[in-house]
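See below for the structure under consideration.
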Amino acid sequence: MLKKITAAILLTVSSMAMANEPICAPTDDFVILLSERFKENIVLVGLSEENDDHIISVWFNAVTGTMTVLKSSRSKGVSCVIESGINAKFKGSV
C-alpha cells in the first residue's frame, strides 16, 4: 500500500514541479509518506493567520536533515507542500 501511495505522490510531484504548481494530496497520504518513507516527524504545528481552516506543519528528520513544510486544510483533508529542504538543523531549545 505504501508503495502505491508513494508512487502516486511522486508521479504527481514530478509532473506538478515541471508546471510550478503546488504539490497537493490527501493529508493521510502525506503523513504516511513523510513519516514512513522519509522518517520525518512533526516538530512544529500551528494555525494559519490567513485562514483558520489551514494548519501549517513543519516535518523534520534530525538524522538526514530533510524537512518539509505542509499547509493542510482541515475541512478538505488535503495538504500541499509549501517548501522542502535539506541540511536542516534544529536551533535553540524547545
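Looking only at the range 53-69, filter to residues that are surrounded by fewer than 19 Cβ atoms within 10 Å (Cβ to Cβ) and under 10 Å from Asn41 (Cα atoms); which one of those is farthest from the chain's Cα centre (by Cα)? Ranking the candidates gives Ala62 first. Restricting Thr27, Thr66 to residues that are closer than 15 Å to Ile86 by Cβ and β-branched (Val, Ile, Thr) narrows the list to Thr66.
Only residues that are in contact (Cβ under 8 Å) with a residue 40 or more places away in the chain and among the aliphatic types (A, V, I, L, M) were counted across the range 56-81, and they come to 3. Summed over the range 70-94, the residues that are within 14 Å of the chain's Cα centre (by Cα) and of a type outside the set (Val, Ile, Thr) give a count of 10.
Just so you know, all these numbers are worked out from the coordinates, no wet-lab data involved. In this text the structure is predicted, and so the values were computed from the model without any measurement. Ideal geometry is used to build each Cβ from the backbone, glycine not excepted, and the neighbour counts take in all protein chains shown.
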